[in-house]
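Throughout, read-outs are computed from the coordinates displayed, never taken from laboratory work. Just so it is clear, the model here is predicted, and its values are computed rather than measured. Reconstructed Cβ throughout: ideal geometry from the backbone, glycine too, with neighbour counts over all protein chains shown.
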Amino acid sequence: MPTFKPEKGNSMELHIEKEIVFFDIESTGLNIMRDRIVQIALIKYFPGDKEPEEAELLINPGIPISPESMAIHGITPEMVKNKPTFKSIAHRIFNWIGDADLGGYNSNRFDIPLLMEEFARAGLDFDISKRRLIDVQRIFYKMEPRTLTAAYKKFCGKDLKDAHNALADVRATVDVLKGQLDVYKEEDFEDGDGFVVEKPIQNDIQKLHDFTNDLTTVDVTNRLKYNSDGEIVFNFGKYINQTVTSVLTENKQYYHWIQEKDFSHQVKKIIKKEYEKIYKS
């Protein structure tokens, strides 16, 4: 098992009076209760002139890593199969963090809760009641709000009158789009994985549709999606990521279960169409 050895990192102009740890987690998925950590990286900053310390660990989660997560962080089961489990190193991480404050990006909603769950499974109570939590994403969202009123101010240069009046909001929405078409027309878009879309914001309905929608999603409730082969797969439950065709072929009752449960009309219609392809062909 690799030894947990923090290394010296880059200094940062940060006014602090107690230690603070900024950290990020990569995981098997996005469910705080069910998913597990596959990688954790931490930087601890100290008051005074002491250099910060860094630590990075790959962790064997003990459960499958979802294809969606692997596509994002690139960590495969092969990469972690011989790595320590979180439980085996939990005390080292717990003690190294100590009573430090915590920081991250979207950390209040994801990284901190997931870390707390992992510690709890290791028998450790990671108390945050006396820690200060710095979520950098929240700073970004609060300082650059994504409301229609804020967008109207940014792209149209004036205050929105009669906000939340339906017709006024629709008119403002169109004006904002016009402003975006002007401001962004020469800009490329690069996603978090480095994939670049050249000048996606154009006066072209198809291009705007492609840019503003997840083209892997089949229905508006996101219960079904397309896989990399263009096949419809389930995006929930015990058959998640399995093709609708294969599931319904092996389990006809699953079709009837979906039709009887609280799924959207759109989902039921799509499933019915796929079912009929199998049993009426």
Between the alpha-carbon centers of the range 261-281 and the range 184-234, tell me the distance in whole angstrom.
25 Å
Dipole magnitude of the chain about its Cα centre (Cβ charges: Lys, Arg +1; Asp, Glu -1), debye to nearest 20:
1100 debye
Pulled fully out, how much extra length does the chain show between residue 213 and residue 141, if you take 0.36 nm times their separation in residues and subtract their Cα-Cα distance?
23.8 nm
Quick one: work out the % antiparallel among DSSP beta bridges in the chain, nearest 5.
75 percent
Selection from 251, 77, 211 lying farthest towards where the dipole of the chain points positive, charges on Cβ
251
Note, ³J(HN,Hα) from phi for the range 213-225, Karplus 6.51, -1.76, 1.60, rounded to Hz, x at Gly and Pro:
10, 7, 6, 8, 8, 8, 10, 6, 8, 6, 7, 10, 8
Among the lysines, which have Cα under 18 Å from the Cα of residue 252 when same-chain residues fewer than 8 positions away are ignored?
238, 261, 268, 269, 272, 273, 277, 280
Between the residues 96, 52, 116, the Cα farthest towards the positive end of the dipole of the range 17-127, that dipole coming from +1 and -1 charges on the beta-carbon of Lys, Arg, Asp and Glu, is from 116
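Is the range 145-212 best put as rounded, prolate or oblate by its Cα gyration tensor, with a ≥ b ≥ c the root eigenvalues, rounded for a/c under 1.5, and otherwise prolate when a/b is larger than b/c, oblate when not?
prolate
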Sparse-neighbourhood loop hits (chymotrypsin sites (Phe, Trp or Tyr not before Pro), the range 163-209; DSSP loop; Cβ within 10 Å at most 11 others) -> 195
Would you mind telling me which residue in 249, 76, 28 has the biggest mean-square fluctuation in a Gaussian network model of the chain, where springs connect alpha carbons within a distance under 10 angstrom?
249
Grab the other residues whose beta carbon is less than 14 angstrom from that of residue 154, score K and R as +1, D and E as -1, and report the net.
0
Cβ-defined net charge surrounding residue 107, 10 Å radius [Lys, Arg +1; Asp, Glu -1]:
-1
Stretched out fully, how many nm does the piece from residue 190 to residue 169 gain, at 0.36 nm a residue minus the Cα gap?
4.6 nm
Is the range 224-279 best put as rounded, prolate or oblate by its Cα gyration tensor, with a ≥ b ≥ c the root eigenvalues, rounded for a/c under 1.5, and otherwise prolate when a/b is larger than b/c, oblate when not?
rounded
What are the trypsin sites (Lys or Arg not before Pro) within the range 44-138 that DSSP puts in a loop, where the Cβ has at most 10 other Cβ atoms within 10 Å?
81, 130
Top mean-square fluctuation among 107, 88, 129, Gaussian network model of the chain, C-alpha springs under 10 Å?
129
Mean separation of Cα pairs under 8 Å and 6+ residues apart, divided by the residue count of the chain: what relative contact order is that in percent?
10 percent
Nothing charged except the Cβ atoms of Lys and Arg (+1) and of Asp and Glu (-1): what's the magnitude of the dipole of the range 7-140 about its Cα centre? Round to the nearest 20 debye.
420 debye
For the range 157-231, averaging the sequence separation of alpha carbon pairs under 8 Å that lie six or more residues apart and dividing by its residue count, the contact order in percent is 14 percent
Correct option for Kirkwood radius over Cα pairs in Å [calculated from the coordinates] among [x] 24.7; [y] 23.0; [z] 19.9:
[y]
Using DSSP to define loop residues, name the GluC sites (Glu not before Pro) in the range 145-228 whose beta-carbon has at most 16 other beta-carbon atoms within 10 Å.
186, 187, 198
Cα-centred dipole magnitude for the range 224-279, charges only on beta-carbon of K, R (+1) and D, E (-1), debye, nearest 20:
160 debye
